[in-house]
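Notes to accompany the following structure.
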Amino acid sequence: EAGVTQFPSHSVIEKGQTVTLRCDPISGHDNLYWYRRVMGKEIKFLLHFVKESKQDESGMPNNRFLAERTGGTYSTLKVQPAELEDSGVYFCASSQGLQGAQHFGDGTRLSIL
Amino acid sequence: ELKVEQNPLFLSMQEGKNYTIYCNYSTTSDRLYWYRQDPGKSLESLFVLLSNGAVKQEGRLMASLDTKARLSTLHITAAVHDLSATYFCAVDMGSNYQLIWGAGTKLIIKP
């Protein structure tokens, strides 16, 4: 069984540019989560999809961040325009049920110059 | 607001020794998770603790949950070098199911 995959693994862009991160969850997992870890800080929740619906987006920092999950399969997280404070590692996770372990991808390391 | 505190944040120990990592959280939750992360790698699920008094063991690691004390422990028995990693605990928010994370404990085990 393939795990959660994220693309790209690294992205370096300049302030003001746009970047789109992609996450492919484990097949059959309805729940998909995005988290972010800024250097030196705790991992923070961004949002939670159930299938294609946003269940909880209370962790999204501001309206420069847009997450989608069209068709309830893979998800994208777009940052437009990117700011310096957006640098960090963005993790995606998926789970089958709500109480089981969330399975994480390797993360996308985003660097804003 | 739910807060999760881990201690210690850094631990260097010799092989063969025992030690415990502590995870305290500030509000009621019945679900606590332990994850391991190797440098540059994904977060790997170790334990899911779903009720008061839950105890789970895998190899040299044992995790327990006391929901009344709002405390979970991750105990390492006779540590070996391969257990070197960063260990995170996380608590979910109940109905929201988002995970609130501790800062992580970086564990270095010296041969």
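Rule-based calculations on the coordinates, nothing more; no lab input. What you see is a predicted model, and the numbers here were worked out from it, not measured in a lab. When we count neighbours, we look across all protein chains shown, and the Cβ atoms used for this are built from the backbone with ideal geometry, even at glycine.
Data for the structure
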quantity	calculated
Distance between modelled label sites at B:Met62 and B:His81, nm, 7 Å Cα→Cβ extension	2.7 nm
Phi-based couplings in Hz for the stretch A:9-16 (Karplus 6.51, -1.76, 1.60; Gly and Pro marked x)	7, 9, 8, 10, 9, 8, 3, x
Qualifying lysines (Cα of each under 22 Å from Cα of B:Lys17; at least 8 residues distant if same chain)	B:Lys56, B:Lys106, B:Lys110
Kirkwood hydrodynamic radius of chain B, from inverse mean 1/r over distinct Cα pairs, in Å	13.9 Å
Net charge, A:Glu83 excluded, C-beta distance under 12 Å - Lys, Arg +1, Asp, Glu -1	-1
Average beta-carbon neighbours from other chains, 10 Å sphere, peptide A:95-104	5
Pair-distance profile P(r), taking every C-alpha pair of the stretch B:10-64, with 5 angstrom steps and integer %	4, 13, 23, 25, 20, 10, 4, 0
Efficiency of FRET between B:Asn18 and A:Glu68 - r from beta-carbon atoms, R0 41 angstrom, step 0.05	0.30
Net +/- balance of residues flanking B:Phe88 in space, Cβ distance below 15 Å, scoring K and R +1, D and E -1	+4
R0 of 30 Å, Cβ-Cβ distance B:Ser51-A:Gln17: FRET efficiency to nearest 0.05	0.05
